1. Starting from the Cα of LYS60, draw a straight line to each of the aspartates and glutamates and keep only those under 16 Å, dropping any in the same chain fewer than 8 residues away.
2. Per DSSP H run of n ≥ 4, the term is -39500 (n - 2.57); total these for the chain, divide by its residue number, and report the mean residue ellipticity at 222 nm rounded to 500 deg cm²/dmol.
3. How are the alpha carbon pair distances in the chain distributed across 5 Å bins from zero to the largest one, expressed in percent?
4. So for the pair PHE5, LYS20, with labels modelled 7 Å out along Cα→Cβ, what separation do we get in nm?
Amino acid sequence: MTPDFRQKAIAICSDKIAKKGEGVGLSFYAFFKNRNDDPELLMQVASWWIKTHQLDHFEKAVKIRGMLQAGT
């Protein structure tokens, strides 16, 4: 996952938390537009989410933001 994308994903998590509260959940699809214009990046993020961390489809945004901030 690129540093730029990591920062974008952190911002998306923070935005969702600000709008919907600490309990809001999201999937890795929240980081992408409805159109898949970068399949390689989508697969990198899916791999990070599913293979590396074995996360459920929906996870708490605060958890994901923390993981991204920690660089895991």
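1. Of all the aspartates and glutamates, those that pass the test against LYS60 - Cα under 16 Å, at least 8 places apart if same chain - are ASP15, GLU22.
2. Numbers: 3 runs with 36 residues, N = 72.
The per-residue figure over the chain is -15500 deg cm²/dmol.
3. Binned Cα distances yield the sequence 3, 17, 30, 29, 16, 5, 0.
4. Using points 7 Å along Cα→Cβ, the separation is 2.2 nm.
Any read-out appearing in this document is the output of simple, stated calculations on the displayed coordinates, not a laboratory observation. Computed from a prediction, not measured in an experiment: that's the story for all the values here. For neighbour counting, all protein chains shown are included, and Cβ atoms are generated from backbone atoms with ideal geometry for every residue, glycine included.
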